[in-house]
Amino acid sequence: MTNSQKKVSALAIASLALAIAGSVRFMPFGYDVYHSLGLSGLGPFVLFVSLVGFAIVLGIAALLLIRASGYSLKGVSIASAGLILSLATAGFFLTVIFVLRPRLVRHYSICGRNIQMIERARSAAGQDENYYAEPAKQIERIIEHLPNGRLPECPGGGRYTVHPTGYGDKCSKHGDHATCMQGI
(Lines give C-alpha, C1' and ligand atoms only; values in the text may rest on other atoms or scores of the structure.)
Protein backbone atom coordinates (compact mmCIF):
# COMPACT_ATOMS: atom_id res chain seq x y z
CA MET A 1 0.00 0.00 0.00
CA THR A 2 1.48 3.35 -0.99
CA ASN A 3 1.70 6.29 1.34
CA SER A 4 -1.07 8.18 -0.51
CA GLN A 5 -3.47 5.21 -0.10
CA LYS A 6 -3.07 5.00 3.67
CA LYS A 7 -5.99 6.17 5.76
CA VAL A 8 -5.54 8.84 8.40
CA SER A 9 -6.43 7.76 11.92
CA ALA A 10 -9.72 9.33 13.02
CA LEU A 11 -8.47 9.22 16.61
CA ALA A 12 -5.49 11.39 15.62
CA ILE A 13 -7.76 13.98 13.99
CA ALA A 14 -10.13 13.93 16.99
CA SER A 15 -7.18 14.39 19.37
CA LEU A 16 -5.94 17.47 17.53
CA ALA A 17 -9.45 18.93 17.19
CA LEU A 18 -10.17 18.52 20.91
CA ALA A 19 -6.75 19.91 21.85
CA ILE A 20 -7.42 23.03 19.76
CA ALA A 21 -10.90 23.42 21.22
CA GLY A 22 -9.52 23.06 24.76
CA SER A 23 -6.71 25.53 24.21
CA VAL A 24 -9.14 28.21 22.96
CA ARG A 25 -9.88 28.99 26.62
CA PHE A 26 -6.44 30.54 27.02
CA MET A 27 -6.40 32.59 23.85
CA PRO A 28 -7.17 36.31 24.19
CA PHE A 29 -10.71 35.84 22.86
CA GLY A 30 -11.28 32.50 24.62
CA TYR A 31 -13.04 33.98 27.63
CA ASP A 32 -15.58 35.65 25.34
CA VAL A 33 -16.06 32.46 23.31
CA TYR A 34 -16.90 30.42 26.40
CA HIS A 35 -19.28 33.06 27.77
CA SER A 36 -20.99 33.55 24.40
CA LEU A 37 -21.82 29.84 24.58
CA GLY A 38 -23.58 30.54 27.88
CA LEU A 39 -20.89 28.87 29.96
CA SER A 40 -20.10 30.45 33.30
CA GLY A 41 -19.14 29.30 36.77
CA LEU A 42 -17.76 25.77 36.63
CA GLY A 43 -19.01 25.21 33.06
CA PRO A 44 -15.84 26.43 31.30
CA PHE A 45 -13.66 24.53 33.76
CA VAL A 46 -15.54 21.26 33.24
CA LEU A 47 -15.55 21.75 29.47
CA PHE A 48 -11.83 22.56 29.45
CA VAL A 49 -10.89 19.51 31.55
CA SER A 50 -13.09 17.29 29.39
CA LEU A 51 -11.71 18.54 26.08
CA VAL A 52 -8.06 18.46 27.08
CA GLY A 53 -8.44 15.16 28.95
CA PHE A 54 -10.10 13.47 25.97
CA ALA A 55 -7.48 14.96 23.63
CA ILE A 56 -4.70 13.38 25.70
CA VAL A 57 -6.45 10.01 25.82
CA LEU A 58 -7.28 10.05 22.10
CA GLY A 59 -3.74 11.15 21.19
CA ILE A 60 -2.22 8.24 23.10
CA ALA A 61 -4.80 5.83 21.70
CA ALA A 62 -4.15 7.05 18.15
CA LEU A 63 -0.40 6.59 18.49
CA LEU A 64 -0.86 3.10 19.91
CA LEU A 65 -3.35 2.17 17.17
CA ILE A 66 -1.07 3.46 14.40
CA ARG A 67 1.84 1.52 15.86
CA ALA A 68 -0.30 -1.64 16.24
CA SER A 69 -1.37 -1.35 12.59
CA GLY A 70 2.25 -1.54 11.54
CA TYR A 71 2.02 2.08 10.44
CA SER A 72 -0.54 1.24 7.74
CA LEU A 73 -2.52 4.18 9.16
CA LYS A 74 -1.26 7.74 8.79
CA GLY A 75 -1.51 10.41 11.46
CA VAL A 76 1.47 10.06 13.77
CA SER A 77 2.27 13.77 13.38
CA ILE A 78 -1.38 14.75 13.82
CA ALA A 79 -1.76 12.63 16.96
CA SER A 80 1.56 13.94 18.27
CA ALA A 81 0.49 17.54 17.64
CA GLY A 82 -2.80 16.94 19.46
CA LEU A 83 -1.00 15.29 22.35
CA ILE A 84 1.66 18.01 22.61
CA LEU A 85 -0.89 20.84 22.40
CA SER A 86 -3.18 19.29 25.00
CA LEU A 87 -0.29 18.57 27.39
CA ALA A 88 1.04 22.12 26.94
CA THR A 89 -2.42 23.55 27.56
CA ALA A 90 -2.86 21.39 30.66
CA GLY A 91 0.56 22.51 31.92
CA PHE A 92 -0.32 26.15 31.36
CA PHE A 93 -3.66 25.64 33.13
CA LEU A 94 -2.00 24.02 36.15
CA THR A 95 0.53 26.87 36.30
CA VAL A 96 -2.30 29.41 36.33
CA ILE A 97 -4.26 27.53 38.99
CA PHE A 98 -1.43 26.66 41.37
CA VAL A 99 1.09 29.47 40.85
CA LEU A 100 -0.49 32.62 39.44
CA ARG A 101 -4.00 32.53 40.93
CA PRO A 102 -2.90 32.33 44.60
CA ARG A 103 -0.67 35.34 44.05
CA LEU A 104 -3.50 37.26 42.40
CA VAL A 105 -5.93 36.31 45.18
CA ARG A 106 -3.40 37.51 47.76
CA HIS A 107 -3.08 40.84 45.90
CA TYR A 108 -6.86 41.33 45.82
CA SER A 109 -7.10 40.48 49.52
CA ILE A 110 -4.37 42.92 50.56
CA CYS A 111 -5.78 45.62 48.31
CA GLY A 112 -9.27 45.14 49.79
CA ARG A 113 -7.86 45.48 53.31
CA ASN A 114 -6.01 48.65 52.27
CA ILE A 115 -9.25 50.18 50.99
CA GLN A 116 -10.93 49.24 54.29
CA MET A 117 -8.06 50.98 56.11
CA ILE A 118 -8.71 54.11 54.05
CA GLU A 119 -12.42 53.90 54.93
CA ARG A 120 -11.61 53.60 58.65
CA ALA A 121 -9.26 56.59 58.38
CA ARG A 122 -12.08 58.58 56.77
CA SER A 123 -14.38 57.68 59.67
CA ALA A 124 -11.72 58.79 62.16
CA ALA A 125 -11.08 62.00 60.22
CA GLY A 126 -14.82 62.67 60.13
CA GLN A 127 -14.81 62.83 63.93
CA ASP A 128 -12.50 65.88 63.80
CA GLU A 129 -14.43 69.11 64.14
CA ASN A 130 -12.61 70.84 61.26
CA TYR A 131 -13.07 67.97 58.77
CA TYR A 132 -16.25 69.32 57.19
CA ALA A 133 -15.28 72.99 57.64
CA GLU A 134 -12.41 72.76 55.15
CA PRO A 135 -13.42 70.52 52.20
CA ALA A 136 -10.13 71.20 50.39
CA LYS A 137 -8.17 69.56 53.22
CA GLN A 138 -10.42 66.52 53.76
CA ILE A 139 -8.17 64.11 51.86
CA GLU A 140 -5.13 65.39 53.77
CA ARG A 141 -6.96 64.75 57.05
CA ILE A 142 -7.85 61.22 55.94
CA ILE A 143 -4.22 60.51 55.09
CA GLU A 144 -3.13 61.84 58.50
CA HIS A 145 -5.21 59.07 60.12
CA LEU A 146 -3.54 56.32 58.08
CA PRO A 147 -0.54 54.38 59.46
CA ASN A 148 2.69 56.29 58.82
CA GLY A 149 0.61 59.24 57.63
CA ARG A 150 0.57 58.09 54.01
CA LEU A 151 -1.52 56.01 51.62
CA PRO A 152 -0.79 52.28 51.69
CA GLU A 153 0.93 50.65 48.72
CA CYS A 154 -1.01 48.38 46.39
CA PRO A 155 0.72 44.97 46.10
CA GLY A 156 0.08 44.96 42.36
CA GLY A 157 1.57 48.39 41.76
CA GLY A 158 -1.73 50.24 41.53
CA ARG A 159 -2.51 53.65 43.01
CA TYR A 160 -5.34 54.45 45.42
CA THR A 161 -7.87 57.16 44.71
CA VAL A 162 -9.37 58.62 47.90
CA HIS A 163 -12.63 60.55 47.94
CA PRO A 164 -13.73 62.66 50.91
CA THR A 165 -17.27 61.27 50.81
CA GLY A 166 -16.27 57.62 50.69
CA TYR A 167 -17.90 56.95 47.35
CA GLY A 168 -15.32 56.03 44.77
CA ASP A 169 -12.33 54.89 46.84
CA LYS A 170 -10.54 52.48 44.59
CA CYS A 171 -7.29 51.04 43.38
CA SER A 172 -6.24 51.70 39.80
CA LYS A 173 -5.34 48.03 39.40
CA HIS A 174 -7.87 46.07 41.48
CA GLY A 175 -10.91 48.38 41.60
CA ASP A 176 -13.06 49.25 44.59
CA HIS A 177 -13.55 47.28 47.82
CA ALA A 178 -16.40 45.17 46.46
CA THR A 179 -14.40 44.25 43.36
CA CYS A 180 -11.43 43.28 45.52
CA MET A 181 -13.60 40.99 47.61
CA GLN A 182 -15.04 39.36 44.46
CA GLY A 183 -11.49 38.75 43.21
CA ILE A 184 -10.89 36.48 46.19
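Quickly run through segment 48-101 and pick out the residues that are touching a helix residue (DSSP H, G or I) at 6+ places or on another chain (Cβ under 9 Å) and aromatic (Phe, Trp, Tyr).
Of everything in segment 48-101, those that are touching a helix residue (DSSP H, G or I) at 6+ places or on another chain (Cβ under 9 Å) and aromatic (Phe, Trp, Tyr) turn out to be Phe48, Phe54, Phe92, Phe93.
Can you name the condition, by its number, that Asn114 falls short on among (1) assigned to a helix (DSSP H, G or I); (2) touching a residue at least 12 places away in the same chain (Cβ under 8 Å); (3) out of contact with any Cys (no Cβ under 9 Å at 6 or more places or on another chain)?
Evaluating Asn114 over (1) assigned to a helix (DSSP H, G or I); (2) touching a residue at least 12 places away in the same chain (Cβ under 8 Å); (3) out of contact with any Cys (no Cβ under 9 Å at 6 or more places or on another chain) leaves (3) as the failure.
The rows are residues; the columns are (1) at positive phi; (2) outside the structural domain of Ala10 (by TED's automatic domain parsing).
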{"residue": "Ala81", "(1), (2)": "no, no"}
{"residue": "Leu87", "(1), (2)": "no, no"}
{"residue": "Met117", "(1), (2)": "no, yes"}
{"residue": "Ala125", "(1), (2)": "no, yes"}
{"residue": "Glu129", "(1), (2)": "no, yes"}
{"residue": "Lys137", "(1), (2)": "no, yes"}
{"residue": "Val162", "(1), (2)": "no, yes"}
{"residue": "Gly168", "(1), (2)": "yes, yes"}
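Which ones in segment 156-180 are in a loop (DSSP other than H, G, I, E, B) and surrounded by fewer than 18 Cβ atoms within 10 Å (Cβ to Cβ)?
Gly156, Gly157, Gly158, Arg159, His163, Thr165, Gly166, Tyr167, Gly168, Ser172, Lys173, Asp176
Can you find a residue that is touching a Pro at 6+ places or on another chain (Cβ under 8 Å), at pLDDT 80 or above and among the hydrophobic types (A, V, I, L, M, F, W, C) anywhere in segment 134-145?
Within segment 134-145 (the criterion being touching a Pro at 6+ places or on another chain (Cβ under 8 Å), at pLDDT 80 or above and among the hydrophobic types (A, V, I, L, M, F, W, C)), the answer is yes, since at least one residue qualifies.
With the condition kept exactly as written, say whether any residue in segment 49-67 is surrounded by fewer than 21 Cβ atoms within 10 Å (Cβ to Cβ), basic (Lys, Arg), modelled with pLDDT of 90 or more and assigned to a helix (DSSP H, G or I).
Looking through segment 49-67, at least one residue is surrounded by fewer than 21 Cβ atoms within 10 Å (Cβ to Cβ), basic (Lys, Arg), modelled with pLDDT of 90 or more and assigned to a helix (DSSP H, G or I).
Please determine whether any residue of segment 97-108 is assigned to a helix (DSSP H, G or I), aliphatic (A, V, I, L, M), touching a residue at least 40 places away in the same chain (Cβ under 8 Å) and closer than 30 Å to Val49 by Cβ.
The answer is yes, given that some residue of segment 97-108 is assigned to a helix (DSSP H, G or I), aliphatic (A, V, I, L, M), touching a residue at least 40 places away in the same chain (Cβ under 8 Å) and closer than 30 Å to Val49 by Cβ.
Does segment 138-152 include one or more residues that are surrounded by fewer than 14 Cβ atoms within 10 Å (Cβ to Cβ) and among the acidic types (Asp, Glu)?
Going through segment 138-152, the residues surrounded by fewer than 14 Cβ atoms within 10 Å (Cβ to Cβ) turn out to be 140, 147-150.
In the following step, the residues that additionally are among the acidic types (Asp, Glu) were identified as 140.
Yes; the residues of segment 138-152 include at least one that is surrounded by fewer than 14 Cβ atoms within 10 Å (Cβ to Cβ) and among the acidic types (Asp, Glu).
Which of the residues spanning segment 104-127 are more than 14 Å from Cys154 (Cβ to Cβ) and surrounded by 11 or more Cβ atoms within 10 Å (Cβ to Cβ)?
Val105, Glu119, Arg120, Ala121, Arg122, Ser123, Ala124, Ala125, Gly126 - these are the residues of segment 104-127 that are more than 14 Å from Cys154 (Cβ to Cβ) and surrounded by 11 or more Cβ atoms within 10 Å (Cβ to Cβ).
Six or more apart or on different chains, Cβ atoms under 6 Å: show the pairs whose first residue is in segment 146-166 and touching a residue at least 12 places away in the same chain (Cβ under 8 Å) and whose second is assigned to a loop (DSSP other than H, G, I, E, B) and among the polar types (S, T, N, Q).
Here the result reads Gly158/Ser172; Arg159/Ser172, each pair linking segment 146-166 to a residue that is assigned to a loop (DSSP other than H, G, I, E, B) and among the polar types (S, T, N, Q).
Regarding Thr89, is this residue surrounded by 15 or more Cβ atoms within 10 Å (Cβ to Cβ), under 35 Å from the mean Cα position of the chain (by Cα) and modelled with pLDDT of 80 or more? Write out each step before concluding.
Numbers: surrounded by 15 or more Cβ atoms within 10 Å (Cβ to Cβ): yes; under 35 Å from the mean Cα position of the chain (by Cα): yes; modelled with pLDDT of 80 or more: yes.
Spelling it out, Thr89 is indeed surrounded by 15 or more Cβ atoms within 10 Å (Cβ to Cβ), under 35 Å from the mean Cα position of the chain (by Cα) and modelled with pLDDT of 80 or more.
The values are calculated or read from the model by the stated rules, or taken from the named source; none is laboratory data. The model shown is predicted, which means the values in this text are computed figures rather than measured ones. Glycine also receives a Cβ, built like all others from the backbone with ideal geometry; neighbour counts cover every protein chain displayed.
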